[in-house]
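The values are calculated or read from the model by the stated rules, or taken from the named source; none is laboratory data. Note that the structure is a prediction, hence the values are computed from the model and not measured. Heads up, the Cβs are rebuilt from the backbone with ideal geometry, glycines too, and the neighbour counts pull from every protein chain shown. These accessible areas exclude ligands, DNA and RNA; they are computed on the full protein's heavy atoms, side chains included. Shrake-Rupley method; radii C 1.70, N 1.55, O 1.52, S 1.80 Å.
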Amino acid sequence: MKQLNWCWRLLATAFSFVLFAIGALLLAILLAPLIRLLPWPEQRRRQLARRSIQRWVRFYVWIMCTLGLLTVEFEGEDALSQSGVLVVANHPTLLDAILLMAVMPNATFIMKAAMARNPFTCWIVSLAGYIPNDEVGVELVEKAAAALRSGETLMIFPEGTRTDGDELKLKRGAANIALAAACPLLPVVIDCQPMTLRKGEPWYRIPPTKPHFSLRVLPLIALDEAVDKSQPPGLQARTLTAELRDVLQGRQG
């Protein structure tokens, strides 16, 4: 029975990857042109695009759960609807962004630049107003901070890519954005047991049992409590990055 279950999950995994590509392509072909033609302000069209993406992604996650590929548990997801906060999360697997997108219908995501060039997902980045992470550092920080100051919720993986190994290696981009926007950070700890779809791991190397994803929203990190504003900006960013790393690693909070 275990071997039969493993074979089923392997076939279902292949199907889910194909389904995601087809779904993204159909949305790009059918929905994107209609949204662009609507005589609405850009912000309203962007919100419609994000909500459409969120509903498709939520349905996609439901399909994966129904197929027996995974289970998902959220703790404190209501906090993700706050405006003007920078959501930061660790990034252990390929599915992390999809799981967060499923519960954040109107957030600005900072995404890998490859997503903006991928023919299946490039429309998502442009139409939904997501920010590719290949922009020059200062420009990326300014654009992200402007979104936060306007009241949007921004989501970023501070590592910039999936976790490689057990130790988190955070870049200072998230800290620089939070400091520029003078906004609090909302940490999300993502855990997957057994692990799957890690960095450098092929899709067909599935675990022996169905993985369980746990996404836990932690309390807000207020800048006034995390950094000394009398210190130079570079030192503030370094201190805030270290604080965030400890929180996401479970060493605090």
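So that you can scan it fast, the table gives a plain yes or no per residue for (1) open to solvent by 60 Å² or more (accessible area, probe 1.4 Å); (2) among the polar types (S, T, N, Q):
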| site | (1), (2) |
| --- | --- |
| Ala32 | no, no |
| Gln43 | yes, yes |
| Phe59 | yes, no |
| Glu73 | yes, no |
Next item on the list: State all residues of the stretch 96-134 that are in contact with a Pro (Cβ under 9 Å, 6 or more places away or on another chain) and surrounded by fewer than 21 Cβ atoms within 10 Å (Cβ to Cβ); if no residue qualifies, say none.
Entry: Lys112, Ala113, Ala114, Met115, Ala116, Arg117, Val125
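Rundown of residues vs (1) in contact (Cβ under 8 Å) with a residue 40 or more places away in the chain; (2) surrounded by fewer than 20 Cβ atoms within 10 Å (Cβ to Cβ), yes/no style:
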| position | (1), (2) |
| --- | --- |
| Leu154 | yes, no |
| Phe157 | yes, no |
| Ala178 | yes, no |
| Cys192 | yes, no |
| Met195 | yes, yes |
| Pro207 | no, yes |
| His212 | yes, yes |
| Pro232 | no, yes |
| Ala242 | no, yes |
Check: Of the residues Ala226, Ala182, Ala147, which single one is open to solvent by 50 Å² or more (accessible area, probe 1.4 Å) and aliphatic (A, V, I, L, M)?
Finding: Ala182
Note to self: Taking the condition of being without any contact (Cβ under 8 Å) to a residue 40 or more places away in the chain and either of a type in the set (Lys, Arg) or open to solvent by less than 70 Å² (accessible area, probe 1.4 Å) (or both), how many residues in the stretch 16-30 meet it?
What the structure shows: 1
Note to self: Please go through the stretch 125-171 and give me each residue that is in a helix (DSSP H, G or I) and out of contact with any helix residue (DSSP H, G or I) (no Cβ under 6 Å at 6 or more places or on another chain), ordered by number.
What the structure shows: Ser126, Gly137, Val138, Glu139, Leu140, Glu142, Lys143, Ala146, Ala147
Checklist line | Number of the exception - Gly68 against (1) assigned to a loop (DSSP other than H, G, I, E, B); (2) on the phi < 0 side of the Ramachandran plot | finding: (2)
